[in-house]
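The next block holds one structure in the form of structure tokens; read it before the comments.
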Amino acid sequence: MARIVEPTDAQVARAAARLRAGDVIAFPTETVYGLGADILNACAIRRVYALKGRPSDNPLIAHVSDASTAPDIVDGWDDRCSALAQRFWPGPLTFILRRKLDVPASAAAGLNTLAVRAPRHPVASRLLKIFGGAIVAPSANRSGHTSPTRATHVADDFAEAEDLLILDGGSSEVGIESTVLDMTSDPPRILRPGTIGTDALTIVLGEVTEHGATSQDIAPGTSAAHYAPRTPATLVSRSDLRSALGALSDVAAVLCFDAATVPPPHHALVMPADAVSYAAQLYSRLREADLLGVHQLLIEAPPADSSLWLAIHDRLRRATSEND
Ligand code: TXA
Ligand code: MG
């Protein structure tokens, strides 16, 4: 059985000791929970892939305590990286840089590059400091499922994982995964949108390339059918909601902005109108929808007028991709 524990000093030290012993543990970050392993232990990395059921061609993100330790695992850390780290670390921004040769290739799915970020969740920071090295961690969900933003989400996905230690850090504040920025291309290119958007990055870098349809080829694992709830989900505009519900023969759940737009017997899951709160609640709500036992989930399309809403749209597209 997976075991959720309070992040006391003793439990954080225990988690660090487990990492040193080659075990896999789960820990909170400000974006989503991660399934962590010692970056220098290829066996532990294999265990992460096996536990998640993650395809071996999908590289992991290395977590470091701060900018001073990043150059231990990547080459090419330059002034631009320092400026970005100064502004956004610790925080939800991941850099792609060249992997140092002593970092096991399996951490990066065999690529010459490696993803690195310093998370700002206090429990993740404490764990990294006590552990003393870098921790590779994908989101702590079964491959293809919605990312976890609470310890219980991790326990639900890994109910059969014998003895998996899960540090409980409460609800993840950001709620969607970090922005992934490829620093090996010139200008740097956003491979996965997140809460740190193009405008904020442009202020520091001068120029960035936005992610596009081609980013799936460059950021393996960002392909469709990721971040998906188990209930088949469809994105619907507010104006089409009523007719979409009318056409259903079964009860549905609806992620909406106003319960009045969802007539009974359908279930309304009301989302906040502001993008920051919407992102923070999204994955929890998708998991809630799964627990309702309905056969269909409709998601009212949110606005698309800010970089955060666009990052949310990116996740909603993936959550609904099998039904498009
Ligand atoms: O917020 C986050 O980034 C969370 C927390 C736990 O830090 N982690 C996370 O990891 O979302 P994961 O494994 O679910 O997603 C990692 C993403 C994948 O889309 C992967 O393709 C991309 O980062 N990535 C990792 N290494 C890469 C590399 N060398 N080149 C291109 N993309 C890479
Ligand atoms: Mg993931």
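At a probe radius of 1.4 angstrom, the accessible area of the chain per residue rounds to 41 square angstrom.
Counting only Cβ charges, +1 for Lys and Arg and -1 for Asp and Glu, the dipole size of the chain around its Cα centre is about 540 debye. Compared with the dominant principal axis of the Cα atoms in the chain, helix 122-131 is inclined by about 30°. Measuring between their Cα centroids, the range 100-131 and the range 250-307 lie 34 Å from each other.
Counting only protein heavy atoms and a 1.4 Å probe, tell me what percentage of the chain's accessible area is made up of carbon and sulfur. Its accessible area is 52 percent carbon and sulfur atoms. Tell me whether the range 25-140 comes out rounded, prolate or oblate; compute the Cα gyration tensor, take square roots of the eigenvalues as a ≥ b ≥ c, and use a/c under 1.5 as the rounded threshold. Cα axes put the range 25-140 in the oblate bin. The P(r) of the range 81-132 has a tail past 13 Å containing 64 percent of all C-alpha pairs.
Working note: Karplus 6.51/-1.76/1.60 with θ = phi - 60° gives the range 7-22 the couplings x, 5, 4, 5, 6, 5, 5, 5, 4, 5, 5, 5, 4, 4, 7, x Hz, where Gly and Pro are set to x. Evaluating 6.51 cos²θ - 1.76 cosθ + 1.60 at θ = phi - 60° for every residue in the range 68-78, the Karplus couplings come out as 5, 9, 4, x, 5, 10, 10, 9, x, 5, 10 Hz, glycine and proline recorded as x. Think of the range 19-76 as having a plus end and a minus end, set by charges on the Cβ of Lys, Arg, Asp and Glu; of 43, 31, 59, 43 sits farthest toward the positive end of this dipole.
Per-residue ellipticity at 222 nm from helix content only, as computed over the chain with -39500 (n - 2.57) for each DSSP H run of at least four residues, stands at -9000 deg cm²/dmol.
Assuming charge only on the beta carbon of Lys and Arg (+1) and of Asp and Glu (-1), the dipole of the range 1-133 about its Cα centre is about 300 debye to the nearest 20.
Spatially, the range 172-205 and the range 24-82 are offset by 17 Å when compared through their Cα centroids.
The values are calculated or read from the model by the stated rules, or taken from the named source; none is laboratory data. This structure is a prediction, so every number in the text was calculated from the model and none was measured. No Cβ is skipped: glycine too gets one built from the backbone with ideal geometry, and neighbour counts run over all protein chains shown. The protein model used for the area step is the full one, side chains on, heavy atoms only, and it has no ligands, DNA or RNA in it. Shrake-Rupley method; radii C 1.70, N 1.55, O 1.52, S 1.80 Å.
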